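Participant: Submitted below is the structure of interest, expressed as structure tokens.
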Amino acid sequence: MLYKDKNIAEKMILIVDDVETNREILGEIIKSMGYIPVLAESGETALDLVKENCPQLVLSDISMPGMDGYELCKVLKGSERTKNIPVIFISAFDDPKDIVEGLFLGGADYITKPFISEVVKARVGVHLRLYEANRELMEMNRRLQVSVREQLDQMEQEKKNILYAMADIAARNSCYSEKHIERLRHNCRILAQGMQLSPMFEDKISDTDIDTIELAAPLCDIGNIGISKELLQKDTELTEEENVIIQSHTELGAKLLSDLCVNNDYNDFISASIEIARYHHENWDGSGYPKGLRHEEIPITAQIVSVVDRYCTLTDKENCNREDALEIMKKESNTRFNPDIFNICCKISRQLC
């Protein structure tokens, strides 16, 4: 019988014995303890009953036709759902070998026949209390894990918020518009999705990669937080020394992200953020910085951000419309950008903001 009332289901004790008299005697003892006895004449029947409701405890005879008590215990202990239910063996035999075998299989205790009501109550009561204490401990542990996970998630989100705030300050110091960060985030996602649909990149861009790039891309120029505002906003030609300082923002950003996240286990977001910050100014032909990487040496995340960052810069700081920006970028394709990524960018350009 399936008990829908949780309070009733939690008062069940399963009694398994092929002898009806034994079942009835134990049933009366269990009733007197305030619990609900559920009777089964075989191990197979007991397993069917357990599928409907998990009892608080199982009292099982050892010697039964078909599935004996040992096999029943083995099945119960082998299931994640029932492994913690205490099993007390009942038998007319008190051979130590029988007792040891039962305990070895996971049995909690051993009661011999004929039944002494006080002994049955005492032993059943002990194991019910232990079972309840174990359940409470497991529930406390589950709640603790949830609480810790929620706190860790909150801490990670707060870290991201700090990083985004710093990236926003760096963007403003570089005279980008207020919407630059959001445009960069959105457009990187659109380009990554477009690449995922291309046979050239479908095996290189997963759904997780798209989400990660969207989150990490806004941190590409976070290193500018360490460059003076005056130098970032200088409208005359930079000196060679000033160029070196400006270019240092890639390594500054990568180091900043690494240092702030030193206690993080370097998940995809952190790894991608560091990768993008360091390499998004590398050029396809090897003329970029800081390492002079070329072609596939440049991480694909940085290649995506490089194309989108250039598009956003042209349509933001230099006030180009979409067509003019793409025309300028076309001349830079195969030198500054991966030409295949740029071609995809052109195809999905109407979705860019």
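The values are calculated or read from the model by the stated rules, or taken from the named source; none is laboratory data. Here the structure is a predicted model, which means the values were calculated and not measured. Don't worry about glycine lacking a Cβ; one is built from the backbone with ideal geometry, like all the others, and counts go over all protein chains shown. Remember, those area values only see protein heavy atoms, side chains included, never the ligands or the DNA or RNA. Shrake-Rupley method; radii C 1.70, N 1.55, O 1.52, S 1.80 Å.
Participant: Please verify whether Thr301 is of a type in the set (Val, Ile, Thr) and under 17 Å from Ser174 (Cα atoms), treating the condition exactly as stated.
Facilitator: The answer is no for Thr301.
Participant: Condition first: surrounded by fewer than 19 Cβ atoms within 10 Å (Cβ to Cβ) and either farther than 25 Å from Ser206 by Cα or among the polar types (S, T, N, Q) (or both). Now tell me which residues in segment 175-195 satisfy that.
Facilitator: Cys175, Ser177, Glu178, Lys179, Gln193
Participant: From Leu137, Leu130, grab the single residue that is open to solvent by 100 Å² or more (accessible area, probe 1.4 Å), among the hydrophobic types (A, V, I, L, M, F, W, C) and either under 18 Å from Ile62 (Cβ atoms) or free of Cβ contacts under 8 Å to residues at least 12 places away in the same chain (or both). Talk me through it step by step, then tell me what you get.
Facilitator: Details: Leu130 fails: either under 18 Å from Ile62 (Cβ atoms) or free of Cβ contacts under 8 Å to residues at least 12 places away in the same chain (or both).
The conditions single out Leu137.
Participant: Being closer than 11 Å to Trp284 by Cβ, touching a helix residue (DSSP H, G or I) at 6+ places or on another chain (Cβ under 6 Å) and not in a helix (DSSP H, G or I) is the filter here; which residues of segment 301-350 pass it?
Facilitator: Ser333, Phe337, Asn338
Participant: Any chance segment 297-308 includes a residue that's out of contact with any strand residue (DSSP E or B) (no Cβ under 6 Å at 6 or more places or on another chain), closer than 25 Å to Met200 by Cα, surrounded by fewer than 18 Cβ atoms within 10 Å (Cβ to Cβ) and modelled with pLDDT of 95 or more?
Facilitator: Let us first name the residues in segment 297-308 that are out of contact with any strand residue (DSSP E or B) (no Cβ under 6 Å at 6 or more places or on another chain), namely 297-306, 308.
Subsequent filtering for residues that are closer than 25 Å to Met200 by Cα retains 297-306, 308.
Now narrow it down to the ones that are surrounded by fewer than 18 Cβ atoms within 10 Å (Cβ to Cβ): 297.
Remaining after also requiring modelled with pLDDT of 95 or more: 297.
For segment 297-308, residues out of contact with any strand residue (DSSP E or B) (no Cβ under 6 Å at 6 or more places or on another chain), closer than 25 Å to Met200 by Cα, surrounded by fewer than 18 Cβ atoms within 10 Å (Cβ to Cβ) and modelled with pLDDT of 95 or more: present.
Participant: Which one is farthest from Met12 (Cα to Cα) among residues in segment 93-120 that are touching a strand residue (DSSP E or B) at 6+ places or on another chain (Cβ under 7 Å) and part of a loop (DSSP other than H, G, I, E, B)? Give the steps one after another, and end with the answer.
Facilitator: Filtering segment 93-120 for residues touching a strand residue (DSSP E or B) at 6+ places or on another chain (Cβ under 7 Å) gives 94, 98-99, 102, 106-113, 119-120.
Going one step further and asking which of them are part of a loop (DSSP other than H, G, I, E, B), we end up with 94, 106-108, 113.
Details: Asp94: 27, Gly106: 20, Gly107: 18, Ala108: 17, Lys113: 22 Å.
Within segment 93-120, the match that is farthest from Met12 (Cα to Cα) is Asp94.
Participant: Checking Cys320 against (1) surrounded by 19 or more Cβ atoms within 10 Å (Cβ to Cβ); (2) within 23 Å of Ser174 (Cα to Cα), only one condition comes out false. Which one?
Facilitator: (1)
Participant: Determine if segment 282-290 includes at least one residue that is in contact with an Asp or Glu (Cβ under 6 Å, 6 or more places away or on another chain) and open to solvent by 40 Å² or more (accessible area, probe 1.4 Å). Explain how you work it out, then say what you get.
Facilitator: Kept after step one, since they are in contact with an Asp or Glu (Cβ under 6 Å, 6 or more places away or on another chain), are these residues of segment 282-290: 288, 290.
Now restrict to residues that are open to solvent by 40 Å² or more (accessible area, probe 1.4 Å): 290.
Yes, segment 282-290 has at least one match.
Participant: Can you give me the ranges of the helices (runs of 4 or more DSSP H) entirely in segment 157-274 with at least 1 residues that are modelled with pLDDT under 85? Walk me through how you get there before you give the answer.
Facilitator: Numbers: elements: 180-196, 207-216, 229-232, 240-247, 249-260.
In segment 157-274, the matching helices (runs of 4 or more DSSP H) lie at 249-260.
Participant: Looking at segment 336-349, which of its residues are of a type outside the set (Val, Ile, Thr), touching a residue at least 24 places away in the same chain (Cβ under 8 Å) and out of contact with any strand residue (DSSP E or B) (no Cβ under 7 Å at 6 or more places or on another chain)?
Facilitator: Going residue by residue through segment 336-349, those that are of a type outside the set (Val, Ile, Thr) are 336-340, 342-343, 345-347, 349.
Still in the list and also touching a residue at least 24 places away in the same chain (Cβ under 8 Å): 336-340, 342, 345, 347, 349.
Result: Arg336, Phe337, Asn338, Asp340, Cys345, Lys347, Ser349.
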